[in-house]
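Engineer: Have a look at the structure that comes next, please.
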Amino acid sequence: MENNSTNKYARNNRYGRRRPSYRSSSYSNSRRGGGYNKRGSSINVSQLIAKAVFEDLPSIYVLDHNLLEFDLTKELKKNITYKKYTSPTKIQYEAIPHILKGEDILGIANTGSGKTAAFLIPMINKGVLDSSQRFLIVVPTRELAMQIQDEFLQLARNTGMRSVLIMGGNSMGKQIGVLKRDPHFVIATPGRLKDLIGRKAIDLLRINNVVLDEVDRMLDMGFIEDIRFIISKLNENKQSLFFSATMNRKSEEIANTLLKKPVKIQIEEESKGKNVDQDVIRLKEGETKFDVLYQYINKEEFKKVLIFTRTKRQADALSNKLIEKGIKVNALHGDKRQSQRSRIIDSFKKDYVNILIATDVASRGLDINNITHVINYDMPENYDDYIHRIGRTGRAGKKGYALTFV
């Protein structure tokens, strides 16, 4: 089922009329002086300057409906109310009724559209009604797996549903121990799941519900053979849900292998960067990049900031310098242990720390709300990486800001 209606959903009000001021000797809102930068990046500087589009963007919510309208168990409705979920997002409004009917779903929707609750709510409901049901959720990254686990624990509270998180960076022995206790939900990344299948620690023939989330990202990360292997081990009698932001030949091949007569749900995609004011920072004579960054992040409007560096070493060095200046900041990169990564992400999500420095690889899978600013302290290698970085702000109908040092 495709969503082609233009009047079906209520719309948000306009964005605020006043944009924060970045007046500074080092801030440039001119396109002049473009051309390719000299720092190992293929990006033309003119690509880094754009205004957010001021228009009435459609709300991601279906404002004239409520999640409690769905035919759900009492405890699940209590948990939805406790989380203060009210109106469903579009993907939830479209998908939940079909999932409750036991139909397969081909869902095309972006991160931040409410996909996680769209599959967790009906799947938890199904498990509560029939405790013999077993569920497998496969996602591309540890961070996304942990986020789904957190959401599950809140939505499944007092329902008797149990889960296990299967991913690298955590003890395989402990994961095998939990699997022996036969949890209802297995939330996994492809690599570790494949390892455990090889060790016969999990029997996928017992799984009768499977969710593949962010399939396009899994394919981008080289997991296509792992996904094919996992699908080949599944029971044919199952309900399957497939979610991806985009579809190409490879993802269509996976969908065709997994799904039976799926209901297609496509949520319109906002242009990437459409809600993001983008500009560059040019250093004047005598200015240093660090001093200018320090000035910016002390401005009141820089409430929740994600800063990108090219390397792990640069992330740590910048973090240490800011800490010396009395700034609360964390650095996220591949050398951090999984327990450290979890604490760092959690502190940023909960606003204990409002500045996070990250490398491109370490930031994969991050889904954090209300990031006001993305700052490219180091230029990304290419324009795709740039778009991926700035896509962390300006989400869910909110305006964001991206600044790049050139």
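The numbers here are math on the coordinates, done by the rules we state, and not lab data. Bear in mind the structure is a predicted one, so any value in this text is a computation, not a measurement. Here Cβ is always computed from backbone atoms with ideal geometry, including for glycine, and neighbour counts include all displayed protein chains.
Engineer: First select every other residue whose beta carbon is under 15 angstrom from the beta carbon of Asn256; then total the charges, Lys and Arg +1, Asp and Glu -1.
Structural biologist: So the environment of Asn256 carries a net charge of +2.
Engineer: Starting at the first residue of the stretch 183-192, write each ³J(HN,Hα) from the Karplus equation 6.51 cos²θ - 1.76 cosθ + 1.60 with θ = phi - 60°, in whole Hz, x for Gly and Pro.
Structural biologist: My calculation for the stretch 183-192 gives x, 6, 10, 10, 10, 9, 9, x, x, 5 Hz in order.
Engineer: Name the residues whose placed amide hydrogens come within less than 5 Å of the amide hydrogen of Ile265, ignoring near sequence neighbours (fewer than 5 apart) on the same chain.
Structural biologist: Here the answer is Leu106, Gly107, Ile108, since their amide H atoms fall under 5 Å of that of Ile265.
Engineer: Counting Lys +1, Arg +1, Asp -1, Glu -1, what net charge surrounds Thr116 among other residues with beta carbon under 11 Å of its beta carbon?
Structural biologist: Net of charged neighbours comes to -4.
Engineer: Can I ask one more? Using a Cα-Cα cut-off of under 17 Å, which aspartates and glutamates could be cross-linked to Lys200, ignoring same-chain neighbours fewer than 8 residues away?
Structural biologist: Filter leaves Asp182, Asp226.
Engineer: Listed highest first by mean packing, meaning other Cβ atoms within 10 Å per residue, what order do 168-180, 133-145 come in?
Structural biologist: Per-residue mean Cβ counts within 10 Å order the peptides as 133-145, 168-180.
Engineer: Still on this structure: So what's the projected area for the stretch 328-406, the Cα convex hull averaged over all directions, in nm²?
Structural biologist: 5.4 nm²
Engineer: Determine the alpha carbon to alpha carbon distance for each of Lys304/Lys349; Lys264/Lys398; Lys312/Lys350; Lys312/Lys399; Lys115/Lys174; Lys299/Lys399 and list only those over 21 Å.
Structural biologist: Distance filter (> 21 Å) returns Lys264/Lys398; Lys312/Lys350; Lys312/Lys399; Lys115/Lys174.
Engineer: Projected onto the charge dipole of the stretch 67-266 (+1 at Lys/Arg Cβ, -1 at Asp/Glu Cβ, origin at the Cα centre), which of Leu120, Ile96, Gly198 gives the Cα projection farthest towards the positive end?
Structural biologist: Of the options given, the answer is Gly198.
Engineer: Can you tell me how the stretch 67-266 classifies by the Cα gyration tensor, rounded, prolate or oblate, using a/c under 1.5 as the rounded cut?
Structural biologist: Because a/c hits 1.5 or more and a/b fails to exceed b/c, the stretch 67-266 counts as oblate.
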